[in-house]
Every structure is written in structure tokens, then in C-alpha cells.
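Derivation of every value follows stated rules applied to the coordinates shown; laboratory data play no part. Keep in mind the model is a prediction, meaning the values are calculated, not measured. Here Cβ is always computed from backbone atoms with ideal geometry, including for glycine, and neighbour counts include all displayed protein chains.
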Amino acid sequence: MNESPTISLHIPPKMWCDFQKSMVKSRMFNEEVIGFFFCQRHQVSKRKVRYIPKTWVVPASDCYEHQSASGLVLKQHFHSYLLENHLQAGLDIVHIHTHAGGGVPDFSHVDDRYESEYARFISSHFPDQPHLISGVFDENLQFGQFRIWDKKGQRFESVDFYHSLFDVSNFQEVMNNTDLMFLRQKIFGSANQQLLGQLKVGLIGCGGIGSIFAELLGRLGVKNWVLVDPDKLETVNLNRMPGATEEMVQQQWYKVHYVKHLIQKIYPEDSCVQTIPTGIESELSKQEIATCDLIVVATDNHLSRKTAQELALQYMRPLVCLGTHIEVKPDNTPRMYCRITVPPVGGGWCLMCGNIINLQRAALESAPLEMNQMAAGAGYLEGINDPAVFWLNSICASTGVGVIHGMVSGFLNVDSGIDWIYEFPVNDWRKTNTEYLQTDDCYFCGMNSLEEVVENSDFENSDFENPDLIIW
């Protein structure tokens, strides 16, 4: 007998918080309310499926035909508007409704009947045959449960829910004892610390930025790593890689083994570090990075950034890109930059949209040696790497760690992505308006994300025939 696959729904913490507030705001007393997520489906393996939201909608009070503490009915023309404007190709529907009272609620018999009908309706009226995932919560949206229906509306399976993009537990129970090592991080909560301890990070690039990043994130509590870098330590690296020695250079240590050494100095017993001393383009590297909860790219070439972005989109994983640049003006005044970029999960905009990937350079970097030599002679490739200094790398790496801490803890909103640039010596932090980075027809990322509270005045009557959406 075949076991049912494990199905999970991942809603980022800031998105879930905004959704909760909109749901509670859309009622006057204790009436039931409903909200919708439209989600991308990611088949992780034969036995594992993840859902990531692209859009959410909460109807305003004037979108209901009937709304009370015992049930609700949406206006049919609003429901038509909802499906016509938000059910894009390749997305499945999650609808979440409340029941009056506290504690973990159960689905009612009326829920069963109308959800079964609704699951059949959407699978038979839309070419991609979307699935229905339904959730029921208490009136304050603190406790709930989810299930997914088959396309015939005949049976359902339970769905695991995470207020996180990561495949780690929510840890609703609180630890009695906090690890002494992290006692001064207790302010962020024991659940946050446990999540960091479970997080699996794929780090592409273990050089000047990547090594500092790994040291800092490791000391924050991250113990599980996949490290990818084909290079060995050189003397020129020693001025900006903490703990690296001339002896390591003479022994021809790979950079991945050096970073593993850094992490194991922090956690001699319970760390798990896999080292891959090849480029990210190798099949082994891709397979192992795909198993990570988070992908971080800290390299100085376009091909690795391109590959990392493709993997992040393919496996719907958060991606953090770290980089620095130093130039000297004709008057010998330096300009120094670091950039921390987190594209939205699943698309909307990406490293290509942000001009962080140059496809011509990426193609040349993957070309045979003879072609690279010709390109260098023609001026397409520089002969030496960009200048680098330890302190600028440290600003970039530490800010990247801070961003990840915010993502895990939920105090930083990265749902629409972020792009931060620091310039020295003017000491100026710039935050890109990511709306200008959204590119509908980008070859890499495609669809935009959206969040919305809809009022009755925002839609018109539609000829689209559909059943009343009734929750009782």
C-alpha cells in the first residue's frame, strides 16, 4: 500500500501576520471570515510537496451575501472576480475561514459538503485543474488545521502548516532550558533558536565574504551546512579570511575544508557540514544545494550567481546574494560598495532583473580555456580579480547574517524581496524600491506576487458561472 505524500504549506511570517490582521479587521464582532491564498506547488520529491503563496486576498465585509457567527456566503460576482483575476496558471487555491470561539476548531459537516463541491468545480472549470487546500481557524487565527482535497472532491489529506519558508518545525512549545551558549540571544525566543539550529544552509563561495558569513551565522546557531567552492587557499587570501594560516596554504587546503574547520571549532560534536570542492555547476553540487532550506551565494563570478538563482527558483528556496566592489576614481579617491540582495521566493524579480547577473559574462566563464583567453585579450574579461578588503567584506557578511536572522525570526519582511547597497566613504545605505525590479516577462522568474484586501466596489458583475462559496 502506497503511503500518502507529505504536503506542507509555507507562509512567510510577515505575510501571515498581515493576513491575520486583515482577516480580523474585516469583521465587526465575531462573524466568520474567509481569506484566500493562491499558491505555487513545488514537488520536492515523490513523497514531498510544498506550497508557497504568490498572492493573498481578504474580502471586505461588503463582499459577503451573508456573514454571521454561524456561517458565511460570498457574493457570487465577487467570487467570479476572485477566480478570474487571481487564479493564474499553475496556482492552487488555499481558502482559510474562521469558526467562532478559541482553541483548535474542527471542520463542520457543511464545510465537508461545500468544500467537496468546490474542489470538483475548480478542477473541472480551469485547464490546469487546480487543487483546493482548506483551512479552519479559531476567531483570532491562532489555532487551526489544513487539508487538501483530491480533484474529484471525494477524499482529503492533512497538510502541515509553517509560518516560515523553511522546512523546519514551528516549535510552538517553549524550551525549559536554553543552551548557555545562546543565553544572550534568549530575547529572540527559544523557538527562534531551535529553528536556527535546524536550518540547513547551502553556501556557494567560501572566500573572503563567504568565510566571514559562515563564522557569523554559525555563531548565531546554524550548525547544518553544504559548502561549495572549487578553490584552494592562497597567500593572497590570508588578509581577509579569519583563522586562515600560511600552514593551510602550504598544505593546499580547499576553502570548503577551511570553512568546515571554522564551524567545527564552534560545534566540535553536533555540527553537520558537507564539503563539495567543485563548482556549483556540477551535478553533485546542484543535488546537495537543492536539499538546503536557504541558498547563499558569495562568489565573484556571474556563472555561479546564475546557477544559484536558477536553483532557488526551481526548488523555491530563499536566496541571499552577497557581494562587494571597490573602484578608485582618477583623483585616487576610493569608492567602495557592498550589496545584499534577497529576491522574492518563486519569482517576481531576480538577480537578472537587478543586473547582478551578466549573461554574456556567465557564458564566457563557462567556456573552454582557449575562448576565455581570447575574451581576455579582447577586453571582455579582466586579468585579475576585483580588489577586496576584510572590513568591507565583514560589513557585507554581517548584514547578510542580520537579514537571515530577520527572515527566521519574522521581524524583517522579505516577501517582496530586498536589495540593499552600502557605499563608503560617504557611509550611505540605499534601499532599492523593488517595485522597479519586477519584470513580468523575465526569462528566469516571470510572475509577480501580490497581496490584497478586496472591497465590493473593486469588481463588476461577471458572466462566469460558479457555485456560491458557502462556509457554515
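Quick notes
- Antiparallel %, DSSP beta bridges [both residues in the range 180-437], to 5: 55
- Options Leu319, Val228, Pro13, ranked by Cα towards positive dipole end of the chain, top entry (Cβ charges): Val228
- Computed over the range 90-143, Cα set: Rg, Dmax in Å: 12.8, 39
- Long hydrophobic helices in the chain: the complete DSSP H runs spanning 27 Å or more by Cα along their own axis with mean Kyte-Doolittle hydropathy of at least 0.5 are 390-409.
- Kirkwood hydrodynamic radius over Cα pairs of the range 191-250, then Stokes diffusion coefficient at 20 °C and 1.002 mPa s, in µm²/s: 171
- The slack between Asp428 and Leu284, meaning 0.36 nm per residue of separation minus the straight C-alpha distance, is 47.8 nm.
- Dipole in debye (nearest 20) - the chain, about Cα centre, beta carbon charges: Lys, Arg +1; Asp, Glu -1: 1240
- Ranking Trp349, Ile34, Ala363 by Cα position along the charge dipole of the chain, where only Lys, Arg, Asp and Glu carry charges on their C-beta atoms, puts Ala363 farthest toward the positive end.
- Note on the chain: antiparallel DSSP beta bridges, both residues inside, total approximately 60 percent of the bridges counted.
- Cα-Cα over 25 Å, subset of Lys265/Lys286; Lys200/Lys306; Lys286/Lys431; Lys255/Lys286; Lys200/Lys260; Lys306/Lys431: Lys265/Lys286; Lys286/Lys431
- Whole-Hz Karplus values for the range 431-438 come out as 10, 5, 6, 5, 4, 6, 8, 5 Hz, taken residue by residue from phi with 6.51 cos²θ - 1.76 cosθ + 1.60 and θ = phi - 60°; glycine and proline positions read x.
- Rounded to the nearest 20, the size of the Cβ-charge dipole of the range 180-437 about its Cα centre is 680 debye, with Lys and Arg at +1 and Asp and Glu at -1.
- Per-residue Cβ neighbour rank within 10 angstrom, fewest leading, Thr275, Thr55, Thr245, Thr98: Thr245, Thr275, Thr55, Thr98
- Dipole axis of the chain (+1 Lys, Arg; -1 Asp, Glu on Cβ), positive-most option in His97, Val273, Gly135: Val273
- Net charge dipole, the range 33-126: roughly 640 debye, given to the nearest 20, about the Cα centre with Cβ charges of +1 for Lys and Arg and -1 for Asp and Glu.
- q = 0.05, 0.07, 0.14 Å⁻¹: log10 I(q)/I(0) that the Debye formula gives for the chain, counting C-alpha atoms only: -0.22, -0.42, -1.34
- Least to most buried among Asp270, Asp112, Asp386 (fewest other Cβ within 10 Å first): Asp270, Asp386, Asp112
- A full extension of the chain between Ser70 and His109 corresponds to an added length of 12.8 nm, given 0.36 nm per residue minus the alpha carbon distance.
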